[in-house]
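Have a look at the structure below before the remarks.
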Amino acid sequence: MSTYPVENQLSEKDSVALPAENRIIRNGKYWKRIAGRCLFALAFMIIGHLIASFYPLINLIDAFKAFGKTLDLDAAFGWMLLAGFVAQMVDGALGMGYGVISTTVLLSTGLNPAAISGSIHTAEMFSSGAPVLVITSLVISIRNSLRPYYCPEFWGR
C-alpha cells in the first residue's frame with residue numbers, strides 16, 4: 001500500500017495537515033517544472049548529437065591541437081589542465097582533495113615537482129580563497145609557489 005494519499009481521497013482538512021512533500025502531488029507547477037527540465041535535457045542532447053554528427057571528434061581534436069600550436073603550449077600544459085579539471089571536480093564534490101589529486105596525476109606524468117608545487121599553489125590561490133582569508137591565502141600561496149624557485153636545494157631532493 002502506498003504511503004502517499006491519492007488526490008481524490010483528500011479533503012480540504014487533510015490537505016492542510018499533510019507535510020509539504022505530500023502536497024506536491026496536488027501542485028501542477030511542480031510537474032511543469034520537471035517536464036521543462038526534461039525537455040531542456042533532451043534538447044541539449046539533440047544539439048550535442050547534431051554538433052558531433054556534423055563536426056566529427058577527430059576534427060575537434062585536430063582543432064585543439066592546432067590551437068595549442070598557435071599558442072606555443074607545451075604538452076605538459078594539457079596534462080596540467082586535465083589534472084586541474086578532474087581535481088576541481090572532486091574538490092567541488094567532496095570539499096577536499098585538490099592538491100592530492102593534482103600532485104599525484106602530475107607526478108605520474110613525469111613533471112618537475114617544483115613546477116607542480118608552484119602550479120597547484122597558484123591554482124588554489126585563485127580557486128579556493130575564502131573572502132575573509134583572501135589576503136592571507138594569497139600571501140601564503142605566493143610564498144609556497146616561489147619557495148621551490150628560491151630554495152631548490154631543499155625541494156630538489
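The values are calculated or read from the model by the stated rules, or taken from the named source; none is laboratory data. Since we're looking at a predicted model, the values are computed, not measured. Cβ coordinates were reconstructed from backbone atoms using ideal geometry, including for glycine residues, and neighbour counts include every protein chain displayed. Calculation scope for accessible area: heavy atoms of the full protein, side chains included, ligands and nucleic acids excluded. Shrake-Rupley method; radii C 1.70, N 1.55, O 1.52, S 1.80 Å.
Picking from A83, A43, A66, A76, which residue would you name as being in contact with a Ser or Thr (Cβ under 9 Å, 6 or more places away or on another chain) and at pLDDT 80 or above? Lay out the reasoning, then the answer.
Numbers: A43 fails: in contact with a Ser or Thr (Cβ under 9 Å, 6 or more places away or on another chain); A66 fails: in contact with a Ser or Thr (Cβ under 9 Å, 6 or more places away or on another chain); A76 fails: at pLDDT 80 or above.
Sole residue among the options that is in contact with a Ser or Thr (Cβ under 9 Å, 6 or more places away or on another chain) and at pLDDT 80 or above: A83.
Considering segment 94-114 alone, what residues qualify as being open to solvent by less than 80 Å² (accessible area, probe 1.4 Å) and part of a helix (DSSP H, G or I)?
Y98, G99, I101, S102, T103, V105, L106, P113, A114
Looking only at segment 120-133, count every residue that is under 21 Å from the mean Cα position of the chain (by Cα), at pLDDT below 70 and either open to solvent by 50 Å² or more (accessible area, probe 1.4 Å) or basic (K, R) (or both) and tell me the total. Walk me through how you get there before you give the answer.
Residues of segment 120-133 under 21 Å from the mean Cα position of the chain (by Cα): 120-131.
Pick out the ones that are also at pLDDT below 70 and you get 127-131.
This time we only want the ones that are either open to solvent by 50 Å² or more (accessible area, probe 1.4 Å) or basic (K, R) (or both), so: 127-128, 131.
Residues in segment 120-133 being under 21 Å from the mean Cα position of the chain (by Cα), at pLDDT below 70 and either open to solvent by 50 Å² or more (accessible area, probe 1.4 Å) or basic (K, R) (or both): 3 in total.
Which condition number does D91 fail, the rest of (1) at pLDDT 75 or above; (2) surrounded by fewer than 16 Cβ atoms within 10 Å (Cβ to Cβ) being met?
Result: D91 passes all but (2).
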